[in-house]
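The values are calculated or read from the model by the stated rules, or taken from the named source; none is laboratory data. The shown structure was predicted, so the numbers you read here are calculated from the model rather than taken from an experiment. Here Cβ is always computed from backbone atoms with ideal geometry, including for glycine, and neighbour counts include all displayed protein chains. Note: accessible area is taken over every heavy atom of the protein model, side chains too, but ligands, DNA and RNA are not part of it. Shrake-Rupley method; radii C 1.70, N 1.55, O 1.52, S 1.80 Å.
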Amino acid sequence: MKKLVIKTAVITLASILVALAITFGAFATFAPRSLAVFFDGVGNYSASVFFYEKQYVKSQSFDDLVYLVDRIDDDNDQVRAKKYLGDLIAHKDFANFCENKEVMGIPFAEYYQGRYNDLTNN
């Protein structure tokens with residue numbers, strides 16, 4: 001009887017872990033932004049930026065690129081920041097995106113260009 005209970009518990013636990021792995025894999029493949037938002041909410045920088053990057057690579061959307069660039073830490077993730085800031089500035093929609101917008105009194109175009117210049121001059 002004891003073996004049956006233990007065997008049932010192990011099978012149940014294994015089934016739950018497999019279901020979680022499949023669910024995580026599905027989200028990572030088809031909805032990486034959902035995982036990025038989750039990891040961003042719990043304070044896991046590296047996982048959140050990884051999934052924001054996966055979302056951008058998957059969609060090639062300008063909105064996803066902006067979201068990724070805004071989440072990247074320029075000081076601790078300079079290679080990634082330089083790459084995606086360069087992509088953002090070179091994007092055809094960048095001028096329209098920056099039009100009449102400011103952050104801390106600085107026009108968006110100057111803000112992003114300044115971040116990029118800081119990274120390229122270091």
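Below is a table of values for the structure above.
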read-out: Qualifying positions in the stretch 21-61 - closer than 30 Å to A95 by Cβ, in contact with a Phe, Trp or Tyr (Cβ under 7 Å, 6 or more places away or on another chain) and among the aromatic types (F, W, Y); value: F51, Y52
read-out: Wholly within the stretch 1-97, helices (runs of 4 or more DSSP H) carrying at least 3 residues that are acidic (D, E) and within 14 Å of the chain's Cα centre (by Cα); value: 62-71
read-out: Which numbered condition A81 fails, given (1) in contact with an Asp or Glu (Cβ under 6 Å, 6 or more places away or on another chain); (2) at pLDDT 95 or above; value: (2)
read-out: When residues of the stretch 24-40 are limited to those that are open to solvent by 70 Å² or more (accessible area, probe 1.4 Å) and of a type outside the set (D, E, K, R), the one farthest from D70 (Cα to Cα); value: F24
read-out: Of all residues making up the stretch 92-107, the number that are surrounded by 11 or more Cβ atoms within 10 Å (Cβ to Cβ) and acidic (D, E); value: 2
